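Asks: To start, I am sharing the structure in question, which I have written as structure tokens.
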Amino acid sequence: MTVPEQDAAESAPQVVSTFLERRKEQIAQRWADAPLFRTVFTVSRDEAVEACKAVVEALSEVAVSGRLEDIEAPGFASVRDQLGRMTATRSRSGSTPAQIADEVAVLRVPVVDLLREEFADPAAPRAQECALALTLLMGTLRLVVMETALNANAELIERQRQQLLEVATPVIKLWEGTVAVPLIGMLDSARSQVVMESLLEAIVEQRARYAILDITGVPTVDSLVAQHLMKTVAAARLMGAECIVSGIRPAIAQTIVQLGIDLGSVLTRSSLADALAYALSRQGIEVSRADAGASAR
């Protein structure tokens, strides 16, 4: 049955919905060879066809609702996860969101061609109206795919940022019961949280009694950085470890005084070596210079 034989009272979106459902198999077979599906489902073409059918069914559901230009239409919910996995795969292979969007745009041509075949006169107003409705629907699918691609990229970037933060803030075991975190670069809220979590985990794993925060590599200390340091020191104390802040250079000391920051409750040392010597002495280990021992002989 062709479109002209259907109820003329049907709206263009309803006609499109019926068409998509009826020609689902043919559309899926054509889409399965398109780059978007072919490059993702490389093991089995049947798997690609089934994925295409799911997308066609979603489009049919959106069309029957009449929300052709709404990316939040309920019909898209059933394929968002699938589209997200597909776009994530394409992103990992090096495709940009714009390239992925172009791959979606390619899907419009075969499905519109099939729709035009449904009409005795493809140039008739009714045929043009339905083709326009289908084009709008495919444009919305493109937006949905772009949205999922951007979200996938954002999640990937966030994971990479988190990994970089963890790599940039290692916790080092200096001695039995003593750990240290050498901080390099600016200390913002996100990084401070990573520092605190990594340090507390190390205190538990190493059963550390002393934790050293070395800020030699931190270019400036302002009230926000000081606040982060205080919170980290307090958290370490709650875990039963004494926390020492080392790397207090003259310029930083002057800045702290000028800002009126009270670090009176925080144990500080000018260098990491001094902080380690303090921690060792508290454990009954005496540290002496090698040249001092030689002169004594």
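Asks: Which members of segment 215-260 meet the condition of being in a strand (DSSP E or B), touching a Gly at 6+ places or on another chain (Cβ under 9 Å) and of a type outside the set (A, V, I, L, M)?
Replies: Thr216, Gly217
Asks: Name the single residue that is surrounded by the fewest Cβ atoms within 10 Å (Cβ to Cβ) among those in segment 241-297 being hydroxyl-bearing (Ser, Thr, Tyr) and at pLDDT 85 or above.
Replies: Looking at residues that are hydroxyl-bearing (Ser, Thr, Tyr) and at pLDDT 85 or above, I get Ser281.
Asks: Let me ask another. Do we find that Ala180 is of a type outside the set (Val, Ile, Thr), within 28 Å of Glu158 (Cα to Cα) and outside any helix (DSSP H, G or I) in this structure? Even if it seems obvious, please write down each step before you answer.
Replies: Values: of a type outside the set (Val, Ile, Thr): yes; within 28 Å of Glu158 (Cα to Cα): yes; outside any helix (DSSP H, G or I): yes.
Taking the combined requirement at face value, the residue satisfies it.
Asks: Just for segment 74-119: of the residues that are more than 16 Å from Trp31 (Cα to Cα), of a type in the set (A, V, I, L, M, F, W, C) and in contact with a helix residue (DSSP H, G or I) (Cβ under 6 Å, 6 or more places away or on another chain), which one is modelled with the lowest pLDDT?
Replies: Top of the filtered list is Ala88.
Asks: Pairs needed: first member in segment 130-145, in the same structural domain as Met86 (by TED's automatic domain parsing) and surrounded by fewer than 21 Cβ atoms within 10 Å (Cβ to Cβ); second member anywhere, among the polar types (S, T, N, Q) and in a helix (DSSP H, G or I); C-beta distance under 9 Å; at least 6 residues apart or different chains.
Replies: Nothing qualifies.
Asks: Now, a different point. Tally time: how many residues in segment 31-70 are surrounded by fewer than 17 Cβ atoms within 10 Å (Cβ to Cβ) and not in a helix (DSSP H, G or I)?
Replies: Residues meeting the conditions: 8.
Asks: Only one residue in Glu10, Glu25, Glu69, Glu117 is touching a residue at least 40 places away in the same chain (Cβ under 8 Å) and of a type outside the set (A, V, I, L, M, F, W, C). Which one?
Replies: Selected residue: Glu69, the only one of Glu10, Glu25, Glu69, Glu117 that is touching a residue at least 40 places away in the same chain (Cβ under 8 Å) and of a type outside the set (A, V, I, L, M, F, W, C).
Asks: What number of residues in segment 151-183 are small (Gly, Ala, Ser), in contact with a Gly (Cβ under 7 Å, 6 or more places away or on another chain) and modelled with pLDDT of 75 or more?
Replies: Number of matching residues: 0.
Asks: With respect to Ile212, is the statement that it is closer than 15 Å to Thr169 by Cβ, assigned to a helix (DSSP H, G or I), under 37 Å from the mean Cα position of the chain (by Cα) and modelled with pLDDT of 90 or more true? Steps first, answer last, please.
Replies: Working: closer than 15 Å to Thr169 by Cβ: yes; assigned to a helix (DSSP H, G or I): no; under 37 Å from the mean Cα position of the chain (by Cα): yes; modelled with pLDDT of 90 or more: yes.
In short, no.
The values are calculated or read from the model by the stated rules, or taken from the named source; none is laboratory data. Just so it is clear, the structure is predicted and the values come from calculations on it, not from any experiment. Methodologically, a virtual Cβ is constructed for each residue, glycine included, from the backbone with ideal geometry; neighbour enumeration extends over all protein chains shown.
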